[in-house]
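In what follows, a single structure is set out as structure tokens and then discussed.
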Amino acid sequence: MKQFFSLFVFVCLSLTLTAQNATTTDKDIADVIKKHGLENSQVMDIASYITDVLGQRLTGSTGLKNANNWAKNKLTDMGMKNSHLQQWGPFGRGWDMTHFEMHAESPTYWPIIAYPKAWSSSSKGSGEVIYLNATNLDELNKFKGKLSGKFVMIEDIREVNEAFEPTAKRHDAESLLNLANATQPVPRQGGRRFGGNASAAELRAATWKLLESEKPLAVLDRSRKGDLGTVFVSGARTAEGSARDNGKYVAPQITVAIEHYNRIFRMLEKGLPVTLSVDNQSKYTNPNGMENNVIAEIPGTDLKDEVVMFGAHYDSWHAGTGATDNGSGSAVMMEVARILIETIKETGIKPRRTLRIGLWSGEEQGLHGSRNYVAQNFANPGESSRSIASLKQAQKKVSGYFNMDNGTGKLRGVYLQGNQGVSPIFREWLKPFHDMGASTLSLSNTGGTDHLAFDAVGIPGFQFIQEPISYSTKTHHSNMDNFDHLVADDLKQAATIIAYFVWQTSQRDEKLPRKETNLKYN
């Protein structure tokens, strides 16, 4: 009797789930996803841990290593399967900033707002400031023997204008209409890139050779934008090769806040000697040069051999905590995974295709993480690291890839990357979110981030149209790229829409339409 009752209950439950699966509509799924994405959101908790707790995530650094391990474990705790670190490389050595302070000592004392460039050598001491103003090799040669133990300024003064317009903005009807009216993008033509000249390149190389041989206390520059203490900082440069090469000496390089840089420069123009002091300590890490992406999955069912991918780059620069670039995108994609898992639990419906998240490293230095992932799994590289010889069979199994990497702003639509075939599909998928401001489709390409690695091998890869907020003006690669500049409602909206796009891509009978490609399968 107990066996009969158990069988009866099992049959009833099966019929209930079957009926639920049969009657659940796209609207029902959208409502469930909205509930978990908007009402029960955890995106800001995830973002806070990534930025406030884990902090900077420079590729190769201890910070990124710790962040990778945390994300892998967090995705497992959410319920994702096969969460792991997938190695790629070699990238080169890493770098940790361990201590930094800089001061003006004379003619008056004041603390200086500045940050060392990534991969700079350590330095400590006091010295005079010299402006290296050389427009040709003869003028450069006059500085030989005069730079050791000095602070060397290599750029002139930059005028600072007060901002009478807001530095943050959102899309308006006109800007969205321009995006919607964009025509089919023209493929980029290969060949030589113009810009600069041989004599300028020769002078730059000679300048850095001189700096490396003289070993100044620091080379000082100022970024081309930023004021009010906002400093835009990236990586150190060398005369030859890469600052990431093991054993290479890298001249200490520091980016100074524009107001402080200009103040020093104006005193030099007055003929006044300026003395600074610095304590700039760092260490090189990860001598084997290998790096990792974070990968995890939600297994599919009847089409489990096919894949829908979604991701963001996880690495950052080191002066801030990489909040808008790209802790926001990484937190959103981890939240997408959580929303989908909760949707599966609530509805009893499982994805047809396998859903796979990728958190990429090395993006800031050239999309290295995503490009290596694509090369490992979907394509065979050509003669150069950026060329593609042929496609692997696994490339056919990927329906699409969705990316987020343009700051904290909410989504207003999708860049189609010239893929006209997806236009009617995406237009339908955006309908449940028109009241949330997302309705624009643009044929335009948008560049500079990891969807390009997938698009390059014929996989439909997409970046979303986002509100600009103050991404380019204040936070992108700056010391102010911190949690406080994340907009909670925008990130909730983004995670909700992306979760729906990933879900719908997984449930279609057909994979997403593809653009034509001349690449062949091996």
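What shape does region 212-300 have by the C-alpha gyration tensor, where a ≥ b ≥ c are the square roots of the eigenvalues, rounded means a/c under 1.5, and otherwise prolate means a/b greater than b/c and oblate the rest? It comes out oblate by the Cα gyration axes. Of the accessible area of region 52-100, computed with a 1.4 Å probe over protein heavy atoms only, carbon and sulfur atoms account for 45 percent. Modelled label positions at D279 and R263, each set 7 Å beyond Cα in the direction of Cβ, lie 2.0 nm from each other.
Could you sort out which of K117/K144; K27/K304; K72/K248; K81/K511; K215/K283 sit more than 27 Å apart by Cα distance in this structure? Listed pairs above 27 Å: K72/K248.
So, with a 1.4 angstrom probe, what is the percent of accessible area on region 432-522 that is carbon and sulfur?
Values: 1590 of 3360 Å².
Using a 1.4 Å probe with all protein chains present, region 432-522 comes out at 47 percent carbon and sulfur.
State the antiparallel share, in %, of DSSP beta bridges confined to region 318-466, rounding to the nearest 5. If you can, show how the numbers build up before the last one.
Working: 6 of 12 bridges.
Once the DSSP bridges in region 318-466 are tallied, antiparallel ones form about 50 percent.
What's the extension gain from A488 to R170 if we count 0.36 nm per residue and subtract their Cα-Cα distance?
Values: separation 318, 0.36 × 318 = 114.48 nm, distance 1.52 nm.
Extra length available between A488 and R170 comes to 113.0 nm.
Restricting region 346-388 to trypsin sites (Lys or Arg not before Pro) that sit in a DSSP loop and have at most 16 other Cβ atoms within 10 Å of their own Cβ leaves R386. Rounded if a/c is under 1.5, else prolate if a/b is larger than b/c, else oblate: which is region 307-416, with a ≥ b ≥ c the root eigenvalues of its Cα gyration tensor? It comes out oblate by the Cα gyration axes. Subtracting the Cα-Cα distance of S472 and E139 from 0.36 nm times their residue separation leaves 116.3 nm of extension gain. The value given for the chain is a Kirkwood hydrodynamic radius of 25.1 Å, derived from the mean inverse Cα-Cα separation.
Once every DSSP H run of n ≥ 4 in the chain is given -39500 (n - 2.57) and the sum is divided by its residues, what mean residue ellipticity at 222 nm do you get, rounded to the nearest 500 deg cm²/dmol?
Working: 13 runs with 159 residues, N = 522.
So the helix-based figure for the chain works out to -9500 deg cm²/dmol.
Residues I344, I497, sorted by accessible area with the largest first, give I344, I497 [1.4 Å probe; ligands and nucleic acids excluded]. Computed extension length for N246-D26: 73.8 nm, one decimal, from 0.36 nm per residue of separation with the Cα-Cα distance subtracted.
Secondary structure note: in the chain, about 60% of the DSSP beta bridges are antiparallel. Computed with every protein chain present, the accessible area of H434 is close to 100 Å² [probe 1.4 Å].
Based on the mean of other Cβ atoms within 10 Å per residue, sort peptides 299-309, 164-174 so the most packed one is first.
Values: 299-309: 17.5, 164-174: 10.8.
Ranked from most to least packed, the peptides come out as 299-309, 164-174.
Of all DSSP beta bridges in region 270-405, what percent run antiparallel (nearest 5)? List each step's numbers first, then the result.
Details: 8 of 21 bridges.
Bridges in region 270-405 that DSSP calls antiparallel: roughly 40 percent.
The values are calculated or read from the model by the stated rules, or taken from the named source; none is laboratory data. A quick note: this is a predicted structure, and the numbers were derived from the prediction, not measured. Positions of Cβ are backbone-derived with ideal geometry, glycine not excepted, and every protein chain shown enters the neighbour counts. To get the accessible areas, we keep the full protein, side chains included, count just its heavy atoms, and leave off ligands, DNA and RNA. Shrake-Rupley method; radii C 1.70, N 1.55, O 1.52, S 1.80 Å.
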